[in-house]
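Undergrad: Quick one: the structure is below, and I'll ask about it shortly.
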Amino acid sequence: MDLIEALRLQVEWGADEALLDAVQDRRAAQAAPVAVTVQAAAPAKRVHTLRPAAALPGGAAQAEMLAEGCESLEALEKAIAGFSGCALRDTATQLVFADGAADARLVVVGEAPGAEEDRAGRPFVGPAGQLLDKMLGSIGLDRSKVRIINTVLWRPPGDRSPTDAEVAVCLPFLLRHIALVRPRGLLLLGAVAAKAVLPEPERGQGIRRLRGVWRQVKIPGLAEAMPCLPSYHPAYLLRMPSAKAEAWRDLLQLREFLESKPE
């Protein structure tokens, strides 16, 4: 493996700084090693954007080309299954593509598969998924009426949060998935989903500031802007039951929005 390939692999694994082979004596005036350290760290920092063009050879750029060439959900799933530009697929059991209706009026976007989703190959099947089913049911929806997808398509090791680089690699597939379904709106569950889809400056805000406010987002392949409602992830609500009142208000907004959009 050459140096460029090794650096690309480290970036996909989430590395954001470079380390020297030996401990550096910072009390000594040695300009050369410091310059080498800064030069090595720069490539990793440049890829921490959510829409890179060619920052990750074989990664985000390849994903964008593959996604643009897919004219159906079946073709998209097949393209993702053969995609090798995301290191998460090497540690996950299988691809977690989607669940629900292919022509849904609402697309629900989560964060990343967990252990149970990784085993089942479907998003939101664990405790958070059971809560999501109850949330959807409270406003007259179920999985047969919505499309459920995740921002990241493979389980991160140990159920950790996906890195910016991992989100960037999977983002072209997420956006193309939305464009192929052509829903009336998006429900963005959690900070990872909200920050992946929303533009700047909203992307830099926390989910508590983002939730409950509709925003219009341009999705490639769709002529009109897509209404998006950020809200709390069900896993967060399981940890913080006190936030359920805010999530309920978000669901009421969502129901009102869908009722205003005829079939």
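Undergrad: Out of the range 164-174, which residues are crowded, with 24+ Cβ neighbours inside 10 Å and aliphatic (A, V, I, L, M)?
TA: Within the range 164-174, A165, A168, V169 qualify.
Undergrad: Mind listing whichever residues of the range 223-259 are exposed (fewer than 15 other Cβ atoms within 10 Å of the Cβ) and closer than 24 Å to L180 by Cβ?
TA: A223, E224, A225, listed by residue number.
Undergrad: Given the structure, is L198 in contact (Cβ under 8 Å) with a residue 12 or more places away in the chain and under 17 Å from L132 (Cβ atoms)?
TA: Details: in contact (Cβ under 8 Å) with a residue 12 or more places away in the chain: yes; under 17 Å from L132 (Cβ atoms): no.
Against the criterion (in contact (Cβ under 8 Å) with a residue 12 or more places away in the chain and under 17 Å from L132 (Cβ atoms)), L198 does not qualify.
Undergrad: Residues of the range 57-94 being closer than 16 Å to R147 by Cβ, of a type in the set (A, V, I, L, M, F, W, C) and either touching an Asp or Glu at 6+ places or on another chain (Cβ under 9 Å) or not in a helix (DSSP H, G or I) (or both), which ones?
TA: Of everything in the range 57-94, just one residue is closer than 16 Å to R147 by Cβ, of a type in the set (A, V, I, L, M, F, W, C) and either touching an Asp or Glu at 6+ places or on another chain (Cβ under 9 Å) or not in a helix (DSSP H, G or I) (or both), namely C70.
Undergrad: Are any of the residues in the range 153-175 β-branched (V, I, T) and farther than 24 Å from A115 by Cβ?
TA: So in the range 153-175, the residues β-branched (V, I, T) come out as 163, 167, 169.
Filter again for farther than 24 Å from A115 by Cβ, leaving none.
No, because not a single residue in the range 153-175 is β-branched (V, I, T) and farther than 24 Å from A115 by Cβ.
Undergrad: I'd like to know if the range 23-31 contains one or more residues that are at pLDDT below 95, polar (S, T, N, Q) and surrounded by fewer than 18 Cβ atoms within 10 Å (Cβ to Cβ).
TA: Taking the range 23-31 as the starting set, the residues that turn out to be at pLDDT below 95 are 23-31.
Adding the requirement that they be polar (S, T, N, Q) leaves 24, 30.
Filter again for surrounded by fewer than 18 Cβ atoms within 10 Å (Cβ to Cβ), leaving 24, 30.
Yes, some residue in the range 23-31 is at pLDDT below 95, polar (S, T, N, Q) and surrounded by fewer than 18 Cβ atoms within 10 Å (Cβ to Cβ).
Undergrad: Here is a further query. Pull up the range 217-263, narrow it to residues that are in a helix (DSSP H, G or I) and of a type in the set (S, T, N, Q), then point me to the one that is farthest from E68 (Cα to Cα). Reasoning before the result, please.
TA: Residues of the range 217-263 in a helix (DSSP H, G or I): 234-239, 241-259.
Add one more test, that the residue is of a type in the set (S, T, N, Q), and what stays is 242, 253.
Values: S242: 42, Q253: 32 Å.
Only one residue fits best here, namely S242.
Undergrad: Would you check if there is a residue in the range 159-172 being closer than 30 Å to P262 by Cβ and out of contact with any strand residue (DSSP E or B) (no Cβ under 7 Å at 6 or more places or on another chain)? If you could, list the steps in order and put the result at the bottom.
TA: Looking only at the range 159-172, we keep the residues that are closer than 30 Å to P262 by Cβ, and these are none.
Looking through the range 159-172, none of the residues is closer than 30 Å to P262 by Cβ and out of contact with any strand residue (DSSP E or B) (no Cβ under 7 Å at 6 or more places or on another chain).
Undergrad: Mind listing whichever residues of the range 144-163 are surrounded by fewer than 20 Cβ atoms within 10 Å (Cβ to Cβ), among the charged types (D, E, K, R) and touching a residue at least 12 places away in the same chain (Cβ under 8 Å)?
TA: K145, D159
Undergrad: Pairs under 6 Å by beta carbon, first residue touching a residue at least 40 places away in the same chain (Cβ under 8 Å) in the range 101-125, partner buried (at least 24 other Cβ atoms within 10 Å of the Cβ) and hydroxyl-bearing (S, T, Y), six or more apart or different chains?
TA: E111/T151
Undergrad: Please find, within the range 123-135, the residue that is farthest from L95 (Cα to Cα) out of those that are in a helix (DSSP H, G or I) and under 18 Å from the mean Cα position of the chain (by Cα). It would help to see each step written out before you state the result.
TA: Taking the range 123-135 as the starting set, the residues that turn out to be in a helix (DSSP H, G or I) are 127-135.
Subset that is under 18 Å from the mean Cα position of the chain (by Cα): 128-129, 132.
Details: A128: 19, G129: 17, L132: 21 Å.
Ranking the qualifying residues of the range 123-135, first place goes to L132.
Undergrad: Out of A120, A179, A196, report the one residue that is crowded, with 16+ Cβ neighbours inside 10 Å and under 15 Å from the mean Cα position of the chain (by Cα). It would help to see each step written out before you state the result.
TA: On the way: A120 fails: under 15 Å from the mean Cα position of the chain (by Cα); A179 fails: under 15 Å from the mean Cα position of the chain (by Cα).
Exactly one of A120, A179, A196 is crowded, with 16+ Cβ neighbours inside 10 Å and under 15 Å from the mean Cα position of the chain (by Cα), namely A196.
Undergrad: In the range 199-222, how many are among the polar types (S, T, N, Q) and surrounded by 13 or more Cβ atoms within 10 Å (Cβ to Cβ)? Even if it seems obvious, please write down each step before you answer.
TA: Looking only at the range 199-222, we keep the residues that are among the polar types (S, T, N, Q), and these are 205, 216.
Retained after the next criterion (residues that are surrounded by 13 or more Cβ atoms within 10 Å (Cβ to Cβ)): 205.
Counting residues in the range 199-222 that are among the polar types (S, T, N, Q) and surrounded by 13 or more Cβ atoms within 10 Å (Cβ to Cβ) gives 1.
Undergrad: Inspect all residues belonging to the range 171-179 and state whether any of them is without any contact (Cβ under 8 Å) to a residue 60 or more places away in the chain, in contact with a helix residue (DSSP H, G or I) (Cβ under 7 Å, 6 or more places away or on another chain) and either closer than 18 Å to A101 by Cβ or outside any loop (DSSP other than H, G, I, E, B) (or both). Let's see the steps before the verdict.
TA: Our first condition is that a residue be without any contact (Cβ under 8 Å) to a residue 60 or more places away in the chain; within the range 171-179, this holds for 179.
Filter again for in contact with a helix residue (DSSP H, G or I) (Cβ under 7 Å, 6 or more places away or on another chain), leaving none.
No.
Undergrad: If I filter the range 201-216 for residues that are under 26 Å from E77 (Cβ atoms), assigned to a loop (DSSP other than H, G, I, E, B) and of a type in the set (A, V, I, L, M, F, W, C), do I get at least one hit? Lay out the reasoning, then the answer.
TA: First pass over the range 201-216, keeping only residues under 26 Å from E77 (Cβ atoms): none.
Taking every residue of the range 201-216 in turn, none turns out to be under 26 Å from E77 (Cβ atoms), assigned to a loop (DSSP other than H, G, I, E, B) and of a type in the set (A, V, I, L, M, F, W, C).
The values are calculated or read from the model by the stated rules, or taken from the named source; none is laboratory data. Treat the numbers as computed from the prediction; the structure is a model and nothing was measured. Positions of Cβ are backbone-derived with ideal geometry, glycine not excepted, and every protein chain shown enters the neighbour counts.
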